[in-house]
Amino acid sequence: SDGDTTWVLRRPRVLYREEARRLGVKPFTLPVGTRGVVFSASSRTQTISWEVMYSAWDVLLLETCSLLGQSGVGVDPSVTYSVKCATSIIGLVATVMRHFPAISPSMQLFTSLSLNFLQRFPALLKPPIHLLAACVDCVSALSAQEAWKQLSSVGFLPYLTESASLENNEVVPAHYGQLLTMCECPVGQYPITMAMLNLLQSVDPSLSGGALASQQLAC
């Protein structure tokens, strides 16, 4: 260090190691020689600001993935910040994908995380409905048919049971139906339903056949 105000890393510092392992990507690493400046965040604590070049998208991806390793999502106040952070990140990704469809393939890991959240979090005691709505928006930024296929694959979309006659079909609510009944209706807030309506509006009627038509009827 230089006068206890400037620091230089003598060994690499690896961040988001577990998140990188889950995603199959390289962890975020501060290399040897990275310089940092110490400043006082308060009278009791000091923070080092490291100067390093990095991809913001990589960090946002790893930060979003960190939510999978946290217990207490939906019930533990200490996780509230992480949920809000993930909601904002996925919402940003969804907006960028809608306005610039050509970059959608490079956002595949974000859509995969969104599907992971949509599969796991509806079963929580208090599901984070605004995060799940952002996830639906993110997946919906794909083509409507692909979005429907992916949402169906994680058990999120309601569907009709098969029978000889349409009148005897029963609706299986799946994750979305349960979230609507147990979470949205009691509080009078419908972010997931609004995201679903946006998806339904984007479906090309000419593609509404077979399983897709069945799921649309169920919704």
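The values are calculated or read from the model by the stated rules, or taken from the named source; none is laboratory data. Here the structure is a predicted model, which means the values were calculated and not measured. Note: ideal-geometry Cβ built from the backbone for every residue, glycine included; neighbour counts use all protein chains shown. Calculation scope for accessible area: heavy atoms of the full protein, side chains included, ligands and nucleic acids excluded. Shrake-Rupley method; radii C 1.70, N 1.55, O 1.52, S 1.80 Å.
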Q: Out of the residues in the range 50-62 that are within 14 Å of Thr29 (Cα to Cα) and not hydroxyl-bearing (Ser, Thr, Tyr), state the one that is least open to solvent (accessible area, probe 1.4 Å).
A: Leu62
Q: Select, from Gln215, Gln145, Gln201, the only residue that is open to solvent by less than 40 Å² (accessible area, probe 1.4 Å), at pLDDT below 95 and of a type in the set (S, T, N, Q).
A: Gln215
Q. What helices (runs of 4 or more DSSP H) completely inside the range 91-187 contain at least 1 residues that are free of Cβ contacts under 8 Å to residues at least 24 places away in the same chain and of a type outside the set (Lys, Arg)?
A. 108-120, 144-153, 174-179
